[in-house]
Amino acid sequence: MDAIEIARRMAELGSAEDACQAYTLALRGGTLAPEEEMEAAVYILQSGGDYKVAYTCFCGLYGRGVFREDCLSIMTAAFYEPNIKLLKARYEKNCRALSKYPYLFRKDFPAFEELPIRFYPFDDDGYLPFFPREGRFGEYVNFKNPVIGRNFFHDLENPILAKDVYSQYELEYLNDNVRRSEDIARENHIYLHYSDWAAFCAYLQCLNVRRLLKDKKLVFLIGDEIEQYPIDFKARFGIDYSGFEVKPIGIRDVHRLIWHTQLATHNGGDFFNEVFDSHPNLVILPSVMMGDVETAINTYRKNLDVIGDARTAEALLTKLKRPVARELFQLQDRTDKDIAVAIFLSLRDYAAQLDHTSRIAPALFFQPHFPNILYDLTLDARGRAVLSCPQLEQIRNSPVFRAFKYIKTFTPMRRITTSYGASNRFLAAMATVQSEEEREGHVTFDHVAGRVQNRSYMIDPEDRLYKDSVLVRFEDSKLNPKATFTALAAFLDIPYTESMTYCSTEGERDKTTLGNDIGFSTGAVYRTYDEYATDAERCYIEYLMRDAYAYYGYDFQYYDGGPMDEERVRELIRGFTAMNGLMCESWQKNILPKARLLRDGEEVADDEIVAGRAELLNRIIAQADEDRLRIAKLLSKDLHFVNKNGQPLRMMPKLELDPALLEQPLYH
């Protein structure tokens, strides 16, 4: 008995819930005849099943020319007509507001019934547009989708001009981030060009433009009115903006966040910071420990709570610029975001380049850093892999991150075995320069196991922080910097400026973090760190992270592509001598010297101490080997990675480069 027959039988027995589930399975099987699809969709809709399944089925049948009149009639009655009142009311309110707006030069709004597009609500977030004259449904659209899909701010020489912007989120983004003409003492309106008047009016059913008209930043140009761009406001409206004084960037002028994520340690993040340093449209601070940021915010909050007046605030908050301290004190409902922006704005060595005359408000460029990014992998009841990361949860729960409405996320990725080797080099170097007091109690964890469990490049489609994200290969940024940073600037919606053509720190060119290569040197691309990583360790990493290698365009250097059975994995693990050496060294230097062996309350002989310590180290490595084998067995399976709600994770999109800008062949 197939699914459709089971569904019919369940329906006969009056078991609506089971029947709906069976009909849904039958539809997903993709083998039903059109009349069976119609039967299933009607039953699901009438019996309280998942209406989206029925909706999608009706729309699909209509698009294939099957039962068109019936499908459209059902969809109109079930989904469109219950929402007509709301759509019409929104349209008429927008029309009334726009009819009084001075910078919309057409006022002949058609009647609601004459609009060329109907919007059929699909869910709480979006609609399916229907075009009656063409007899077709368009693609699903979510007007509030938190993604900025264009490089609006690529050219700041002239006022912003954007065509056919029908995203509520993007309209609000423009309005919130383009500064008022009065604040920069020059004409700076946002010119929105709509190619078709009737289509523009139709979208007013779903958009809310009334709030956006308050500051009179928007100029609407319809069709041929584009020839008026840019308007001479002094000649046409008698407004001379040059008579105003430039207003410095304020704390609450900063509405957008660029999150420079830490995928793993020694992944090239410092280099990206050096390229973005001195950008005139960024409030920037290079890599800083997340814990330090949170501590600083809490300290400022406590101090502000006991300060009685603005003059005292200026005097006591000495690390803040005096105007910033005064503004922060005077803010109502002060937030952690406000304090963080105030701190960043006051960094004299990093904020000096900020252009207070720019057409746009700056973005906060933030790279919160952690000693390590640690992932834990567990299987749910259905055998699917669920990832958890304490550092990511700390970011998700941060009041600073939660307060930003506009977030762009980019993640540098370096060849994983190279990044691993560089991390080991750093650990070895630190062991030689740190004092005994600094090293005390510190042990090196198993970075091989940590690397292969780190799936930072797999993102949760429901996670607000990754809705608008991209992954950038470190090798591309070094070998093809113009192509990489032109594309990255476009994604981040900032201009590609001269400051991005060189590396600097605190505005000083070719000043880099200790141990890093200077500027655009390609040395870090080809350095293999052989003395800090064995081939066995790197083969293990490549095999277990082959999904990342394939998706992001890295060829294998150590794994031969052959089968990997348990015995071969065990043989590889026996070759983890570089990692084992670092782990044992940290115990020997930082833990064992103060761990005395006692028997019956008396210290034992020195030779017994040496033997006991050796036995302990052997147990530590044996336990690590067991964990490595367990992880390899788990990751060797055909795992399906999901979030805590069971929804599939997906690979973070890779930044695509313009082939015309490539200076060297793409790295593999």
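Below, the figures for the structure above:
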| read-out | value |
| --- | --- |
| Ellipticity estimate at 222 nm from DSSP helix runs (n ≥ 4, -39,500 (n - 2.57)) divided over the chain, nearest 500 | -12500 deg cm²/dmol |
| Net length gained if the chain between ILE307 and ALA199 were fully extended (0.36 nm per residue, minus Cα distance) | 33.4 nm |
| Label-to-label distance, nm, for residues given as GLU508 and ILE226 (7 Å Cα→Cβ offset) | 4.9 nm |
| Cross-link reach list, aspartates and glutamates versus LYS93, counting only Cα pairs under 20 Å and skipping chain neighbours closer than eight places | GLU81, ASP108, GLU113, GLU114, GLU172, ASP215 |
| Euclidean distance between Cα centres, segment 469-497 to segment 627-668, Å | 19 Å |
| Distance from segment 74-89 to segment 170-211 (C-alpha centre basis), Å | 27 Å |
| ARG9-LYS405 FRET efficiency (beta carbon distance; Förster radius 41 Å; 0.05 resolution) | 0.20 |
| Accessible area of ARG186 in the full protein assembly, 1.4 Å probe (Å², nearest 10) | 80 Å² |
| Links that overshoot a 23 Å alpha carbon limit, given the list LYS88/LYS408; LYS247/LYS321; LYS405/LYS467; LYS100/LYS405; LYS408/LYS482 | LYS88/LYS408; LYS100/LYS405 |
| Solvent exposure of segment 414-556 as accessible area per residue, Å², 1.4 Å probe | 38 Å² |
| Set LYS144/LYS637; LYS337/LYS654; LYS144/LYS644 screened for pairs whose C-alpha atoms are more than 32 Å apart | LYS144/LYS637 |
| Rounded to the nearest 10 Å², the accessible area of TYR101 at probe 1.4 Å | 10 Å² |
| Accessible area of segment 348-387 divided out per residue, in Å², using a probe of 1.4 angstrom | 42 Å² |
| Linear extension gain, MET651 paired with ASP240, 0.36 nm per residue minus alpha-carbon span | 142.9 nm |
| Carbon and sulfur %, accessible surface of the chain computed with the full protein complex present, 1.4 Å | 50 percent |
| By accessible area with a 1.4 Å probe, ligands and nucleic acids excluded, highest first: order of ARG382, ARG118 | ARG382, ARG118 |
| Top positive-direction residue, dipole computed over the chain with Cβ charges, set CYS503, ALA352, ILE373 | ALA352 |
| Protection-proxy order for peptides 84-93, 58-67, 485-494, each taking the mean of Cβ atoms within 10 Å per residue, highest first | 485-494, 58-67, 84-93 |
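The values are calculated or read from the model by the stated rules, or taken from the named source; none is laboratory data. Because the structure is a prediction, the values reported are computed rather than measured. Reconstructed Cβ throughout: ideal geometry from the backbone, glycine too, with neighbour counts over all protein chains shown. Side chains included, ligands, DNA and RNA excluded: accessible areas come from the protein's heavy atoms. Shrake-Rupley method; radii C 1.70, N 1.55, O 1.52, S 1.80 Å.
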